[in-house]
Amino acid sequence: MSASQKYLTHPYHRNFLWFGFQMLLRLIFPVLFRYRSRHCERLPETNGGLILSNHQSYLDPLLIGLPIPRPISFIARENLVRIPILGTILRSCYVIPINRDSAGTESVREAVRRMNAGFLVGVFPEGTRSADGNLGEIKPGFVALARRAKQPIYPIGIAGADRAMPKGGLKVYPKKIRVIYGEPIPAEEVLRLAKKGNEEEFLKVIHAKLQECLDEANAWYES
């Protein structure tokens, strides 16, 4: 069993650390950020899947997982997982470390294994945080993962996190945050779109789905 696997419990049940941390944030975030979310019921109660979201801040994994009663395995940079104490916490919260220098082959295998075992896996396909809150270019790194996993994709839009924790710093501000869970893309459609030779069209579809979620989140934020 690898280091990234030994903290796993069950794909549908949070471990004690995840549960306790989540309960604490459910008290803090609605007050600090006036956090609200819509349509989280679109995520499955059982079975695996690939979560794709726009990326505005370091808060994003917490914002996505907050209302969900099951764990999400987010893919994160390996150097973060190597930090003492923080690395243990991240692994305990189901994080999958990725080594960008080696193209993340082992991480892809682990992510596929988890999804096929019933876990939800989270990826930020922009590859980096947005500086202005807008959706950036969708990078193709997740395409192989979607192709091999043969699982549904669940798009998510986050608005306001770039104001609550702007890129370039670690300060947190009491700004409003809204999260929208979009309509899922069925596994059959993912397989059709992700087939070899169709990557460009697949990226356009994913960008459109994420933009739709972000637009809805922004409209709610401004209302």
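The values are calculated or read from the model by the stated rules, or taken from the named source; none is laboratory data. Computed from a predicted model, the values in this text were never measured in an experiment. Cβ sites come from the backbone with ideal geometry, for glycine too, and all protein chains shown count toward neighbours.
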Matching entry among A164, A146, A117, A159 (being touching a residue at least 60 places away in the same chain (Cβ under 8 Å), out of contact with any helix residue (DSSP H, G or I) (no Cβ under 9 Å at 6 or more places or on another chain) and either aliphatic (A, V, I, L, M) or closer than 21 Å to P67 by Cβ (or both)): A117
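Could you go through the stretch 53-68 and let me know if any residue there is surrounded by fewer than 17 Cβ atoms within 10 Å (Cβ to Cβ) and farther than 19 Å from A117 by Cβ.
Initially, the stretch 53-68 is screened for residues surrounded by fewer than 17 Cβ atoms within 10 Å (Cβ to Cβ), giving 58.
Those left that are additionally farther than 19 Å from A117 by Cβ: 58.
So far as the stretch 53-68 goes, yes, one or more of its residues are surrounded by fewer than 17 Cβ atoms within 10 Å (Cβ to Cβ) and farther than 19 Å from A117 by Cβ.
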Residue check, P71 closer than 23 Å to G160 by Cα, at pLDDT 90 or above and in contact with a strand residue (DSSP E or B) (Cβ under 8 Å, 6 or more places away or on another chain): no
All positions within the stretch 1-43 that are in a loop (DSSP other than H, G, I, E, B), at pLDDT 95 or above and in contact with a strand residue (DSSP E or B) (Cβ under 7 Å, 6 or more places away or on another chain): H39, L43
In the stretch 185-223, the residues that are buried (at least 19 other Cβ atoms within 10 Å of the Cβ) and of a type in the set (G, A, S): A194, A217
